[in-house]
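K.L.:
Below is the structure I would like to discuss, written out as C-alpha coordinates.
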Amino acid sequence: MNVHIDSAAKGVFIGNRWRPSHSGRTIDVVAPADGKVFAKIAAGGIADIDEAVKAARYSAEEGPWSRMSAAERGRLLSKLAVAISDRAEELALLEARDTGKPMKQARADIVACARYFEFYGGAADKLHGETIPFLAGYFVPTERVPFGVTGHIIPWNYPAQMFGRTIAPALAVGNATVVKPAEEACLTPLRIAELAAGAGFPEGAINVVPGLGEEAGAALANHTGIDFIAFTGSPEVGTLIQIAAAKNHIGCTLELGGKSPHVLFADADLDIAVPVIANTVVQNAGQTCSAGSRLLVERSVYDKAVGRVQEKFKTLQAGTPEMDLDLGPVINAAQQKRIEGFFSRAAEKSIPVLAEGKIATGVPEGGYFVAPRIYGPVPRSNELAQEEVFGPVLSILSFEDEADAIKLANGTEFGLMAGIWSKDGSRALRVARQVKAGQVYINAYGAGGGIELPFGGMKKSGHGREKGFEALYEFSTLKTMIIKHN
Ligand code: ADP
(Lines give C-alpha, C1' and ligand atoms only; values in the text may rest on other atoms or scores of the structure.)
Protein backbone atom coordinates (compact mmCIF):
# COMPACT_ATOMS: atom_id res chain seq x y z
CA MET A 1 0.00 0.00 0.00
CA ASN A 2 1.40 3.36 -1.00
CA VAL A 3 1.11 5.54 2.09
CA HIS A 4 2.81 8.86 2.88
CA ILE A 5 4.08 7.89 6.31
CA ASP A 6 6.72 10.58 6.64
CA SER A 7 4.21 13.36 6.65
CA ALA A 8 2.49 11.83 9.66
CA ALA A 9 5.29 10.60 11.88
CA LYS A 10 7.58 13.56 12.34
CA GLY A 11 7.53 13.92 16.11
CA VAL A 12 5.32 15.94 18.41
CA PHE A 13 3.28 18.76 16.86
CA ILE A 14 3.36 21.83 19.10
CA GLY A 15 2.77 25.45 18.10
CA ASN A 16 2.42 24.41 14.45
CA ARG A 17 5.92 22.94 14.43
CA TRP A 18 7.29 19.43 14.43
CA ARG A 19 10.10 18.36 16.67
CA PRO A 20 11.30 15.16 18.29
CA SER A 21 10.12 14.37 21.80
CA HIS A 22 12.30 15.71 24.63
CA SER A 23 13.39 12.21 25.52
CA GLY A 24 14.18 11.39 21.88
CA ARG A 25 12.41 8.07 22.36
CA THR A 26 10.08 6.67 19.74
CA ILE A 27 7.36 4.03 19.58
CA ASP A 28 7.14 1.47 16.79
CA VAL A 29 3.98 1.60 14.70
CA VAL A 30 2.78 -1.88 13.77
CA ALA A 31 0.39 -2.63 10.89
CA PRO A 32 -2.35 -4.88 12.33
CA ALA A 33 -2.79 -6.58 8.94
CA ASP A 34 0.71 -8.12 8.94
CA GLY A 35 2.18 -7.42 12.38
CA LYS A 36 5.12 -5.54 10.86
CA VAL A 37 6.62 -2.26 12.03
CA PHE A 38 6.15 0.35 9.31
CA ALA A 39 6.75 3.68 11.07
CA LYS A 40 7.83 5.27 14.31
CA ILE A 41 6.06 7.93 16.32
CA ALA A 42 7.52 10.13 19.04
CA ALA A 43 7.11 8.99 22.62
CA GLY A 44 5.98 12.25 24.20
CA GLY A 45 6.28 12.71 27.95
CA ILE A 46 5.87 15.24 30.75
CA ALA A 47 8.12 17.90 29.17
CA ASP A 48 6.39 17.67 25.78
CA ILE A 49 2.93 17.88 27.32
CA ASP A 50 4.04 20.84 29.40
CA GLU A 51 5.27 22.64 26.31
CA ALA A 52 2.05 21.83 24.43
CA VAL A 53 -0.10 23.14 27.29
CA LYS A 54 1.95 26.36 27.37
CA ALA A 55 1.58 26.79 23.60
CA ALA A 56 -2.15 26.25 23.95
CA ARG A 57 -2.37 28.70 26.85
CA TYR A 58 -0.63 31.38 24.80
CA SER A 59 -2.97 30.65 21.90
CA ALA A 60 -6.09 30.75 24.07
CA GLU A 61 -5.21 33.98 25.87
CA GLU A 62 -2.76 36.08 23.85
CA GLY A 63 -2.17 34.76 20.35
CA PRO A 64 -4.19 35.45 17.19
CA TRP A 65 -6.54 32.55 18.02
CA SER A 66 -7.78 34.37 21.12
CA ARG A 67 -8.73 37.44 19.08
CA MET A 68 -10.66 35.68 16.35
CA SER A 69 -14.41 36.12 16.05
CA ALA A 70 -16.63 33.06 16.13
CA ALA A 71 -17.23 33.42 12.38
CA GLU A 72 -13.47 33.50 11.70
CA ARG A 73 -12.96 30.36 13.78
CA GLY A 74 -15.81 28.71 11.92
CA ARG A 75 -14.25 29.62 8.58
CA LEU A 76 -10.98 27.97 9.61
CA LEU A 77 -12.77 24.80 10.66
CA SER A 78 -14.58 24.74 7.33
CA LYS A 79 -11.29 25.22 5.49
CA LEU A 80 -9.84 22.26 7.36
CA ALA A 81 -12.88 20.18 6.36
CA VAL A 82 -12.08 20.98 2.73
CA ALA A 83 -8.36 20.22 3.20
CA ILE A 84 -9.26 16.81 4.68
CA SER A 85 -11.71 16.08 1.86
CA ASP A 86 -9.11 17.08 -0.72
CA ARG A 87 -6.71 14.49 0.74
CA ALA A 88 -9.34 11.89 1.56
CA GLU A 89 -7.67 9.02 -0.25
CA GLU A 90 -4.22 9.70 1.23
CA LEU A 91 -5.74 9.90 4.72
CA ALA A 92 -7.86 6.78 4.22
CA LEU A 93 -4.79 4.80 3.17
CA LEU A 94 -2.93 6.02 6.23
CA GLU A 95 -5.86 5.18 8.51
CA ALA A 96 -6.26 1.71 6.97
CA ARG A 97 -2.57 0.91 7.30
CA ASP A 98 -2.45 2.12 10.88
CA THR A 99 -5.62 0.41 12.14
CA GLY A 100 -6.01 -2.49 9.68
CA LYS A 101 -9.60 -1.55 8.85
CA PRO A 102 -11.04 -2.21 5.37
CA MET A 103 -10.55 0.64 2.91
CA LYS A 104 -14.30 1.30 2.65
CA GLN A 105 -14.43 1.82 6.43
CA ALA A 106 -11.32 4.02 6.38
CA ARG A 107 -12.80 6.12 3.58
CA ALA A 108 -16.06 6.50 5.50
CA ASP A 109 -14.09 7.52 8.59
CA ILE A 110 -12.28 10.30 6.72
CA VAL A 111 -15.58 11.57 5.32
CA ALA A 112 -16.92 11.62 8.91
CA CYS A 113 -13.80 13.40 10.15
CA ALA A 114 -14.19 16.14 7.52
CA ARG A 115 -17.87 16.36 8.38
CA TYR A 116 -17.06 17.12 12.05
CA PHE A 117 -15.03 20.15 10.97
CA GLU A 118 -17.74 21.15 8.49
CA PHE A 119 -20.54 20.81 11.05
CA TYR A 120 -18.75 22.73 13.80
CA GLY A 121 -17.41 25.24 11.27
CA GLY A 122 -21.02 26.12 10.50
CA ALA A 123 -22.06 26.03 14.16
CA ALA A 124 -19.25 28.22 15.57
CA ASP A 125 -21.13 31.52 15.27
CA LYS A 126 -24.52 30.14 16.22
CA LEU A 127 -23.93 29.50 19.91
CA HIS A 128 -25.42 32.38 21.79
CA GLY A 129 -26.49 33.31 25.27
CA GLU A 130 -29.76 34.61 26.68
CA THR A 131 -31.03 37.57 28.62
CA ILE A 132 -32.57 36.94 32.01
CA PRO A 133 -35.37 39.06 33.52
CA PHE A 134 -34.10 40.29 36.89
CA LEU A 135 -34.72 43.19 39.27
CA ALA A 136 -35.83 46.55 37.97
CA GLY A 137 -32.86 48.56 36.74
CA TYR A 138 -30.80 45.50 35.79
CA PHE A 139 -29.89 43.99 32.47
CA VAL A 140 -28.60 40.40 32.62
CA PRO A 141 -27.15 38.71 29.52
CA THR A 142 -25.39 35.36 29.49
CA GLU A 143 -22.55 34.39 27.22
CA ARG A 144 -21.06 30.99 26.34
CA VAL A 145 -17.29 31.27 26.76
CA PRO A 146 -14.48 28.80 26.15
CA PHE A 147 -12.74 27.09 29.08
CA GLY A 148 -9.34 28.09 27.73
CA VAL A 149 -7.13 25.03 27.23
CA THR A 150 -8.85 21.69 26.70
CA GLY A 151 -7.10 18.33 26.91
CA HIS A 152 -8.26 15.45 24.73
CA ILE A 153 -7.25 11.81 25.17
CA ILE A 154 -8.54 9.64 22.36
CA PRO A 155 -8.49 5.91 21.54
CA TRP A 156 -7.12 3.94 18.60
CA ASN A 157 -10.30 2.50 17.09
CA TYR A 158 -11.28 5.54 15.00
CA PRO A 159 -8.26 7.87 15.17
CA ALA A 160 -9.38 10.34 12.49
CA GLN A 161 -13.04 10.41 13.51
CA MET A 162 -12.23 10.72 17.19
CA PHE A 163 -9.82 13.56 16.51
CA GLY A 164 -12.51 15.48 14.59
CA ARG A 165 -15.21 14.61 17.08
CA THR A 166 -13.30 15.87 20.09
CA ILE A 167 -11.41 18.94 18.87
CA ALA A 168 -13.83 20.44 16.32
CA PRO A 169 -16.44 21.54 18.89
CA ALA A 170 -13.75 22.60 21.38
CA LEU A 171 -12.13 24.81 18.74
CA ALA A 172 -15.47 26.11 17.49
CA VAL A 173 -16.16 27.72 20.87
CA GLY A 174 -12.62 29.16 21.07
CA ASN A 175 -10.60 26.73 23.19
CA ALA A 176 -7.01 25.87 22.34
CA THR A 177 -6.45 22.12 22.37
CA VAL A 178 -3.84 19.56 23.39
CA VAL A 179 -4.48 16.07 22.07
CA LYS A 180 -2.90 12.84 23.24
CA PRO A 181 -3.87 10.28 20.60
CA ALA A 182 -3.50 6.55 21.22
CA GLU A 183 -0.06 5.00 20.81
CA GLU A 184 -1.56 2.08 18.87
CA ALA A 185 -2.84 4.27 16.01
CA CYS A 186 -2.37 8.02 15.68
CA LEU A 187 -0.97 8.79 12.24
CA THR A 188 -4.07 10.52 10.88
CA PRO A 189 -4.48 12.90 13.85
CA LEU A 190 -0.84 13.93 13.40
CA ARG A 191 -1.31 14.46 9.68
CA ILE A 192 -4.58 16.37 10.14
CA ALA A 193 -2.95 18.67 12.70
CA GLU A 194 -0.38 19.52 10.04
CA LEU A 195 -3.17 20.14 7.53
CA ALA A 196 -4.82 22.45 10.06
CA ALA A 197 -1.67 24.57 10.22
CA GLY A 198 -1.70 24.69 6.43
CA ALA A 199 -5.34 25.77 6.48
CA GLY A 200 -4.39 28.75 8.65
CA PHE A 201 -5.00 27.69 12.26
CA PRO A 202 -2.80 29.97 14.38
CA GLU A 203 0.01 28.33 16.31
CA GLY A 204 -0.98 26.66 19.55
CA ALA A 205 -4.67 26.17 18.70
CA ILE A 206 -4.10 22.49 17.92
CA ASN A 207 -1.23 20.60 19.56
CA VAL A 208 -0.78 16.86 19.26
CA VAL A 209 1.57 14.90 21.49
CA PRO A 210 1.67 11.16 20.77
CA GLY A 211 3.01 8.86 23.44
CA LEU A 212 2.20 6.13 25.89
CA GLY A 213 -0.96 6.44 27.94
CA GLU A 214 0.78 6.13 31.29
CA GLU A 215 3.35 8.76 30.28
CA ALA A 216 1.95 11.36 27.88
CA GLY A 217 -1.70 10.59 28.73
CA ALA A 218 -1.17 10.76 32.47
CA ALA A 219 0.93 13.92 32.07
CA LEU A 220 -1.90 15.62 30.19
CA ALA A 221 -4.66 14.44 32.51
CA ASN A 222 -2.73 15.62 35.59
CA HIS A 223 -1.41 18.89 34.17
CA THR A 224 -2.53 21.85 36.25
CA GLY A 225 -2.58 24.05 33.14
CA ILE A 226 -5.60 22.47 31.46
CA ASP A 227 -9.13 23.71 32.10
CA PHE A 228 -11.16 20.72 30.92
CA ILE A 229 -10.48 17.18 29.74
CA ALA A 230 -12.33 14.94 27.32
CA PHE A 231 -11.57 11.23 27.40
CA THR A 232 -12.72 8.25 25.37
CA GLY A 233 -11.37 4.84 26.31
CA SER A 234 -11.59 2.13 28.93
CA PRO A 235 -13.52 2.45 32.21
CA GLU A 236 -10.28 1.76 34.16
CA VAL A 237 -8.43 4.70 32.61
CA GLY A 238 -11.62 6.77 32.77
CA THR A 239 -11.45 6.45 36.56
CA LEU A 240 -7.87 7.80 36.54
CA ILE A 241 -8.92 10.70 34.33
CA GLN A 242 -11.79 11.61 36.61
CA ILE A 243 -9.54 11.45 39.68
CA ALA A 244 -7.00 13.71 37.98
CA ALA A 245 -9.77 16.12 36.95
CA ALA A 246 -11.10 16.15 40.51
CA LYS A 247 -7.64 16.96 41.91
CA ASN A 248 -7.39 19.91 39.53
CA HIS A 249 -11.02 20.92 40.05
CA ILE A 250 -11.82 20.82 36.36
CA GLY A 251 -14.64 19.21 34.43
CA CYS A 252 -14.39 16.18 32.20
CA THR A 253 -16.36 14.12 29.76
CA LEU A 254 -15.90 10.38 29.79
CA GLU A 255 -17.01 8.01 27.05
CA LEU A 256 -16.21 4.53 28.29
CA GLY A 257 -17.81 2.06 25.92
CA GLY A 258 -20.83 -0.16 26.19
CA LYS A 259 -22.56 -3.49 25.85
CA SER A 260 -25.32 -2.13 23.71
CA PRO A 261 -28.41 -4.27 23.07
CA HIS A 262 -30.57 -4.87 20.04
CA VAL A 263 -34.04 -5.68 21.35
CA LEU A 264 -35.75 -7.76 18.67
CA PHE A 265 -39.49 -8.33 19.05
CA ALA A 266 -41.34 -11.13 17.24
CA ASP A 267 -42.96 -8.68 14.82
CA ALA A 268 -39.67 -7.10 13.70
CA ASP A 269 -38.84 -7.02 10.00
CA LEU A 270 -35.96 -9.49 9.91
CA ASP A 271 -34.99 -8.56 6.35
CA ILE A 272 -34.17 -5.09 7.57
CA ALA A 273 -32.96 -5.95 11.06
CA VAL A 274 -30.57 -8.87 10.48
CA PRO A 275 -28.01 -7.23 8.14
CA VAL A 276 -27.94 -4.11 10.34
CA ILE A 277 -27.50 -6.14 13.52
CA ALA A 278 -24.67 -8.19 12.03
CA ASN A 279 -22.94 -5.11 10.70
CA THR A 280 -23.09 -3.18 13.96
CA VAL A 281 -20.99 -5.79 15.73
CA VAL A 282 -18.49 -6.58 12.97
CA GLN A 283 -17.97 -3.01 11.80
CA ASN A 284 -14.39 -2.08 12.66
CA ALA A 285 -13.90 -5.68 13.83
CA GLY A 286 -16.22 -4.98 16.75
CA GLN A 287 -13.87 -2.33 18.08
CA THR A 288 -16.57 0.29 18.38
CA CYS A 289 -17.80 1.66 21.70
CA SER A 290 -21.35 1.70 20.40
CA ALA A 291 -21.22 -1.75 18.78
CA GLY A 292 -24.52 -3.60 19.08
CA SER A 293 -22.92 -6.54 20.82
CA ARG A 294 -25.97 -8.09 22.51
CA LEU A 295 -28.93 -9.42 20.58
CA LEU A 296 -31.97 -9.88 22.77
CA VAL A 297 -34.67 -11.88 20.98
CA GLU A 298 -38.30 -12.48 21.96
CA ARG A 299 -38.56 -16.18 22.70
CA SER A 300 -41.39 -16.90 20.24
CA VAL A 301 -39.19 -15.88 17.30
CA TYR A 302 -35.85 -17.01 18.73
CA ASP A 303 -35.15 -19.96 16.40
CA LYS A 304 -36.19 -18.12 13.25
CA ALA A 305 -34.31 -14.92 14.05
CA VAL A 306 -31.20 -16.72 15.25
CA GLY A 307 -31.23 -18.84 12.09
CA ARG A 308 -31.18 -15.70 9.97
CA VAL A 309 -28.34 -14.16 11.96
CA GLN A 310 -26.39 -17.43 11.71
CA GLU A 311 -26.77 -17.44 7.91
CA LYS A 312 -25.50 -13.88 7.75
CA PHE A 313 -22.51 -14.52 10.04
CA LYS A 314 -21.36 -17.51 8.00
CA THR A 315 -20.89 -15.20 5.00
CA LEU A 316 -18.71 -12.69 6.86
CA GLN A 317 -15.01 -12.52 6.12
CA ALA A 318 -12.04 -10.80 7.76
CA GLY A 319 -9.20 -9.62 5.53
CA THR A 320 -6.62 -6.95 4.90
CA PRO A 321 -7.55 -3.33 4.16
CA GLU A 322 -6.95 -3.89 0.43
CA MET A 323 -9.18 -6.99 0.37
CA ASP A 324 -11.88 -4.64 1.64
CA LEU A 325 -14.09 -7.35 3.13
CA ASP A 326 -16.52 -7.18 6.04
CA LEU A 327 -13.89 -6.55 8.68
CA GLY A 328 -10.16 -6.18 9.16
CA PRO A 329 -7.84 -7.51 11.85
CA VAL A 330 -8.06 -6.30 15.44
CA ILE A 331 -5.59 -3.66 16.52
CA ASN A 332 -2.79 -5.74 18.08
CA ALA A 333 -1.72 -9.05 19.54
CA ALA A 334 -2.84 -8.07 23.04
CA GLN A 335 -6.36 -7.33 21.85
CA GLN A 336 -6.45 -10.57 19.83
CA LYS A 337 -5.36 -12.51 22.90
CA ARG A 338 -7.93 -10.75 25.05
CA ILE A 339 -10.74 -11.74 22.66
CA GLU A 340 -9.46 -15.31 22.49
CA GLY A 341 -9.55 -15.33 26.29
CA PHE A 342 -13.32 -14.72 26.11
CA PHE A 343 -13.53 -17.64 23.66
CA SER A 344 -11.71 -20.09 25.88
CA ARG A 345 -13.67 -19.10 28.99
CA ALA A 346 -16.92 -19.49 26.99
CA ALA A 347 -15.76 -22.97 25.93
CA GLU A 348 -15.09 -23.88 29.57
CA LYS A 349 -18.67 -22.91 30.38
CA SER A 350 -19.96 -24.81 27.30
CA ILE A 351 -21.63 -21.75 25.82
CA PRO A 352 -22.51 -22.77 22.23
CA VAL A 353 -20.88 -21.08 19.25
CA LEU A 354 -23.83 -20.61 16.90
CA ALA A 355 -21.91 -19.53 13.83
CA GLU A 356 -18.53 -18.30 12.76
CA GLY A 357 -17.37 -16.21 9.81
CA LYS A 358 -14.05 -16.75 8.07
CA ILE A 359 -10.60 -15.33 7.87
CA ALA A 360 -9.95 -14.86 4.14
CA THR A 361 -7.33 -17.04 2.52
CA GLY A 362 -4.13 -15.22 1.71
CA VAL A 363 -4.03 -12.85 4.70
CA PRO A 364 -0.49 -12.31 6.02
CA GLU A 365 0.53 -14.72 8.76
CA GLY A 366 1.45 -12.07 11.28
CA GLY A 367 -1.92 -10.25 11.07
CA TYR A 368 -4.21 -10.05 14.10
CA PHE A 369 -7.31 -11.58 12.55
CA VAL A 370 -10.29 -12.85 14.50
CA ALA A 371 -13.18 -14.56 12.70
CA PRO A 372 -16.54 -13.09 13.72
CA ARG A 373 -18.52 -15.28 16.08
CA ILE A 374 -21.99 -15.64 17.60
CA TYR A 375 -22.64 -17.18 21.01
CA GLY A 376 -26.04 -18.21 22.26
CA PRO A 377 -27.95 -18.68 24.35
CA VAL A 378 -25.61 -16.75 26.64
CA PRO A 379 -26.52 -16.92 30.36
CA ARG A 380 -27.54 -13.47 31.59
CA SER A 381 -24.76 -13.16 34.12
CA ASN A 382 -21.97 -14.51 31.89
CA GLU A 383 -19.20 -12.10 30.92
CA LEU A 384 -20.26 -12.40 27.26
CA ALA A 385 -23.56 -10.81 28.28
CA GLN A 386 -21.99 -8.26 30.61
CA GLU A 387 -18.49 -7.21 29.51
CA GLU A 388 -17.32 -5.28 26.47
CA VAL A 389 -15.37 -7.76 24.30
CA PHE A 390 -14.29 -5.10 21.78
CA GLY A 391 -14.16 -7.75 19.07
CA PRO A 392 -16.50 -9.17 16.38
CA VAL A 393 -18.54 -11.20 18.84
CA LEU A 394 -22.33 -11.18 19.14
CA SER A 395 -23.99 -12.56 22.27
CA ILE A 396 -27.57 -13.75 21.86
CA LEU A 397 -30.06 -13.96 24.73
CA SER A 398 -33.82 -14.43 24.79
CA PHE A 399 -36.58 -12.59 26.63
CA GLU A 400 -40.17 -13.48 27.49
CA ASP A 401 -42.14 -10.25 27.17
CA GLU A 402 -41.83 -6.49 27.09
CA ALA A 403 -41.05 -6.11 30.78
CA ASP A 404 -38.38 -8.79 30.57
CA ALA A 405 -36.91 -7.13 27.46
CA ILE A 406 -36.49 -3.85 29.31
CA LYS A 407 -34.99 -5.58 32.33
CA LEU A 408 -32.52 -7.43 30.12
CA ALA A 409 -31.66 -4.39 28.02
CA ASN A 410 -30.86 -2.48 31.22
CA GLY A 411 -29.18 -5.47 32.84
CA THR A 412 -25.54 -4.43 32.40
CA GLU A 413 -23.46 -1.71 34.00
CA PHE A 414 -23.28 0.11 30.65
CA GLY A 415 -25.74 2.47 28.95
CA LEU A 416 -24.39 3.85 25.70
CA MET A 417 -26.76 2.83 22.91
CA ALA A 418 -29.67 0.53 22.13
CA GLY A 419 -31.71 -0.56 19.12
CA ILE A 420 -35.39 -1.53 19.35
CA TRP A 421 -36.83 -3.59 16.51
CA SER A 422 -40.62 -3.86 16.23
CA LYS A 423 -43.38 -2.94 13.79
CA ASP A 424 -45.56 -1.89 16.73
CA GLY A 425 -44.61 1.77 16.97
CA SER A 426 -46.17 2.34 20.38
CA ARG A 427 -44.39 -0.61 21.90
CA ALA A 428 -41.06 0.34 20.33
CA LEU A 429 -41.41 3.83 21.74
CA ARG A 430 -42.51 2.60 25.18
CA VAL A 431 -39.49 0.33 25.41
CA ALA A 432 -37.11 2.93 23.97
CA ARG A 433 -38.15 5.41 26.63
CA GLN A 434 -37.39 2.96 29.42
CA VAL A 435 -33.99 1.84 28.18
CA LYS A 436 -31.14 3.59 29.96
CA ALA A 437 -28.85 4.63 27.13
CA GLY A 438 -27.57 7.88 25.65
CA GLN A 439 -28.91 7.03 22.19
CA VAL A 440 -31.76 4.70 21.32
CA TYR A 441 -32.58 3.76 17.74
CA ILE A 442 -35.92 2.34 16.63
CA ASN A 443 -35.83 0.02 13.59
CA ALA A 444 -32.32 1.23 12.73
CA TYR A 445 -28.91 1.38 14.35
CA GLY A 446 -25.81 3.40 13.57
CA ALA A 447 -22.73 2.30 15.45
CA GLY A 448 -20.56 5.37 15.65
CA GLY A 449 -22.66 7.31 13.19
CA GLY A 450 -24.38 10.69 13.25
CA ILE A 451 -22.17 13.74 13.63
CA GLU A 452 -25.34 15.76 14.31
CA LEU A 453 -26.59 13.47 17.08
CA PRO A 454 -25.63 14.06 20.73
CA PHE A 455 -23.74 10.99 21.88
CA GLY A 456 -22.54 9.73 25.24
CA GLY A 457 -23.29 7.36 28.02
CA MET A 458 -25.45 6.72 31.01
CA LYS A 459 -24.27 4.56 33.92
CA LYS A 460 -20.75 3.10 33.50
CA SER A 461 -20.62 4.22 29.86
CA GLY A 462 -19.63 7.64 31.17
CA HIS A 463 -21.00 11.15 31.24
CA GLY A 464 -21.08 14.24 29.10
CA ARG A 465 -22.17 14.51 25.51
CA GLU A 466 -20.13 14.82 22.35
CA LYS A 467 -21.37 15.29 18.78
CA GLY A 468 -24.23 17.52 17.68
CA PHE A 469 -24.83 21.03 18.92
CA GLU A 470 -24.73 19.65 22.46
CA ALA A 471 -20.94 19.34 22.30
CA LEU A 472 -20.68 23.13 22.05
CA TYR A 473 -22.26 23.36 25.51
CA GLU A 474 -19.99 20.62 26.80
CA PHE A 475 -16.82 22.40 25.69
CA SER A 476 -17.87 25.86 26.87
CA THR A 477 -18.98 27.40 30.13
CA LEU A 478 -21.51 30.10 30.98
CA LYS A 479 -20.80 33.63 32.05
CA THR A 480 -23.64 35.75 33.43
CA MET A 481 -23.28 39.55 33.43
CA ILE A 482 -25.34 41.51 35.91
CA ILE A 483 -25.52 45.11 34.75
CA LYS A 484 -27.20 47.82 36.77
CA HIS A 485 -28.43 50.88 34.98
CA ASN A 486 -30.51 53.91 35.86
P1 ADP B 1 -7.86 0.69 25.33
O2 ADP B 1 -7.85 -0.33 26.39
O3 ADP B 1 -9.01 0.59 24.40
O4 ADP B 1 -6.55 0.92 24.65
P5 ADP B 1 -7.31 2.87 27.06
O6 ADP B 1 -8.27 3.48 28.02
O7 ADP B 1 -6.16 2.12 27.60
O8 ADP B 1 -8.20 2.03 26.07
O9 ADP B 1 -6.73 3.98 26.07
C10 ADP B 1 -7.45 5.10 25.61
C11 ADP B 1 -6.53 6.30 25.61
O12 ADP B 1 -6.13 6.55 26.96
C13 ADP B 1 -5.24 6.12 24.81
O14 ADP B 1 -4.88 7.35 24.20
C15 ADP B 1 -4.24 5.75 25.89
O16 ADP B 1 -2.90 6.06 25.55
C17 ADP B 1 -4.71 6.61 27.03
N18 ADP B 1 -4.27 6.15 28.34
C19 ADP B 1 -3.97 4.88 28.74
N20 ADP B 1 -3.57 4.86 30.02
C21 ADP B 1 -3.64 6.14 30.47
C22 ADP B 1 -3.36 6.78 31.73
N23 ADP B 1 -2.92 6.09 32.78
N24 ADP B 1 -3.55 8.12 31.81
C25 ADP B 1 -4.01 8.83 30.77
N26 ADP B 1 -4.26 8.29 29.56
C27 ADP B 1 -4.09 6.97 29.40
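The values are calculated or read from the model by the stated rules, or taken from the named source; none is laboratory data. Since we're looking at a predicted model, the values are computed, not measured. Glycine also receives a Cβ, built like all others from the backbone with ideal geometry; neighbour counts cover every protein chain displayed. Please note that ligands, DNA and RNA were not included when accessible areas were found on the heavy atoms of the full protein model with its side chains. Shrake-Rupley method; radii C 1.70, N 1.55, O 1.52, S 1.80 Å.
K.L.:
Subtract the Cα-Cα distance of Ser69 and Asp424 from 0.36 nm times their separation in residues, and report this length gain in nm to one decimal. Walk me through the intermediate numbers first.
P.N.:
Numbers: separation 355, 0.36 × 355 = 127.80 nm, distance 4.92 nm.
Working it through step by step, the gained length comes to 122.9 nm.
K.L.:
Which order do the peptides 229-240, 378-389 take when ranked by the mean count of other beta-carbon atoms within 10 Å per residue, highest first?
P.N.:
Put in order of decreasing packing, that is 229-240, 378-389.
K.L.:
In whole angstrom, how far apart do the alpha carbon centroids of the range 324-398 and the range 422-446 sit?
P.N.:
The two parts, judged by their Cα centres, are 27 Å apart.
K.L.:
Between helix 302-314 and the chain, what is the angle of the helix's C-alpha long axis to the longest principal axis, kept within 0 to 90° and rounded to the nearest 10?
P.N.:
70
K.L.:
Shifting gears a bit: Can you tell me the accessible area per residue over the chain, all protein chains present, probe 1.4 angstrom, in square angstrom?
P.N.:
Per-residue accessible area for the chain comes out at 38 Å².
K.L.:
Mind computing the radius of gyration and Dmax over the alpha-carbon atoms of the range 338-486? Å is fine for both.
P.N.:
20.6, 82
K.L.:
Now, a different point. Can you pull out the GluC sites (Glu not before Pro) in the range 43-149 that DSSP calls coil and that have at most 13 other Cβ atoms within 10 Å? Intermediate values should be presented prior to the final figure.
P.N.:
Working: sites: Glu51, Glu61, Glu62, Glu72, Glu89, Glu90, Glu95, Glu118, Glu130, Glu143; in loops: Glu62, Glu130.
Qualifying residues, ordered by number: Glu62, Glu130.
K.L.:
Pairing the Cα long axis of helix 159-172 with the longest principal axis of the chain, what angle in degrees results, from 0 to 90 and rounded to the nearest 10?
P.N.:
Roughly 40 degrees between the two axes.
K.L.:
For helix 103-123, what angle does its Cα long axis make with the longest principal axis of the chain, in degrees from 0 to 90 and rounded to 10?
P.N.:
Helix 103-123 sits at roughly 40 degrees to that axis.
K.L.:
Hey, another quick one. Each label point is 7 Å from the Cα along the Cα-to-Cβ direction; what then is the distance between the points at Lys36 and Ser381, in nm?
P.N.:
Placing both labels 7 Å along Cα→Cβ, they lie 4.9 nm apart.
K.L.:
Taking 25 °C and 0.890 mPa s as the conditions, I'd like the Stokes-Einstein D for the chain in µm²/s, using the Kirkwood hydrodynamic radius from alpha carbon pairs.
P.N.:
106
K.L.:
Between the range 120-158 and the range 9-55, what is the C-alpha centre distance in whole Å?
P.N.:
32
K.L.:
So for the range 261-450, what percent of the C-alpha to C-alpha distances run longer than 28 Å?
P.N.:
20
K.L.:
Next question. Modelling each spin label as a point 7 Å along the Cα-to-Cβ direction, I'd like the Thr131/Glu365 distance in nm, to one decimal.
P.N.:
7.6
K.L.:
Something else about it: Separation between the Glu62 and Ser350 pseudo-spin-labels, each 7 Å from Cα along Cα→Cβ, expressed in nm?
P.N.:
With each label point 7 Å from Cα toward Cβ, the separation is 7.2 nm.
K.L.:
Provide the FRET efficiency to the nearest 0.05 for the Asp404-Asp269 pair, computing r from the beta carbons and using R0 = 22 Å.
P.N.:
After rounding, the FRET efficiency stands at 0.50.
K.L.:
Right, next: Taking the highest mean first, how do the peptides 248-261, 346-359, 180-193 order by number of other beta carbon atoms within 10 angstrom per residue?
P.N.:
180-193, 248-261, 346-359
K.L.:
So, one more: Please report the spacing between the Cα centers of the range 208-238 and the range 283-305 in Å, no decimals.
P.N.:
Centre-to-centre distance over Cα atoms comes out at 32 Å.
K.L.:
Quick check on my link table: of Lys101/Lys337; Lys126/Lys180; Lys312/Lys337; Lys304/Lys423, which ones sit more than 21 Å apart, alpha carbon to alpha carbon?
P.N.:
Result: Lys126/Lys180; Lys312/Lys337 exceed 21 Å.
K.L.:
With a sphere of radius 12 Å drawn around the Cβ of Gly238, what net charge do the other residues whose Cβ falls strictly inside it have (Lys, Arg +1; Asp, Glu -1)? Before the final figure, lay out each step's value.
P.N.:
Values: positive: Lys460; negative: Glu236, Glu255.
Here the count lands on -1.
K.L.:
Once you keep just the Cα pairs under 8 angstrom separated by 6 or more residues, what percentage relative contact order results for the range 261-450?
P.N.:
Reported relative contact order: 30 percent.
K.L.:
Taking all protein chains as present, what is the carbon and sulfur share of the accessible area of the range 261-450, in % to the nearest whole number, probe 1.4 Å?
P.N.:
49
K.L.:
Still on this structure, please answer the following. When we measure straight from the Cα of Lys247, which aspartates and glutamates land under 19 angstrom away, once same-chain ones fewer than 8 places off are left out?
P.N.:
Partners within reach: Asp50, Glu214, Glu215, Asp227, Glu236.
K.L.:
Report, to one decimal in Å, the Kirkwood hydrodynamic radius for the range 118-248 based on all distinct Cα pairs.
P.N.:
Kirkwood hydrodynamic radius for the range 118-248: 16.0 Å.
K.L.:
So, R0 is 45 Å and r is the distance between the beta-carbons of Asn486 and Glu311; what FRET efficiency does that work out to, to 0.05?
P.N.:
With R0 = 45 Å, the Cβ-Cβ based efficiency is 0.05.
K.L.:
What GluC sites (Glu not before Pro) does the range 398-486 have in DSSP loop regions with at most 14 other beta carbons within 10 Å?
P.N.:
Glu400, Glu413, Glu452
K.L.:
Between His249 and Arg17, what length comes free when the chain is fully extended (0.36 nm per residue of separation minus the Cα-Cα distance, one decimal in nm)?
P.N.:
Contour length minus Cα-Cα distance gives 80.4 nm.
K.L.:
A further question on this structure: Whenever you get a sec, line up His223, His152, His128, His485 from highest to lowest accessible area (probe 1.4 Å, protein heavy atoms).
P.N.:
Solvent-accessible surface, decreasing: His128, His485, His223, His152.
K.L.:
Return the loop-located chymotrypsin sites (Phe, Trp or Tyr not before Pro) in the range 379-424 (DSSP other than H, G, I, E, B) with at most 15 other Cβ atoms within 10 Å of their own Cβ; answer none if there are none. Present the calculation step by step, with values, prior to reporting the outcome.
P.N.:
Working: sites: Phe390, Phe399, Phe414, Trp421; in loops: Phe390, Phe414.
Here no loop site has a sparse enough neighbourhood.
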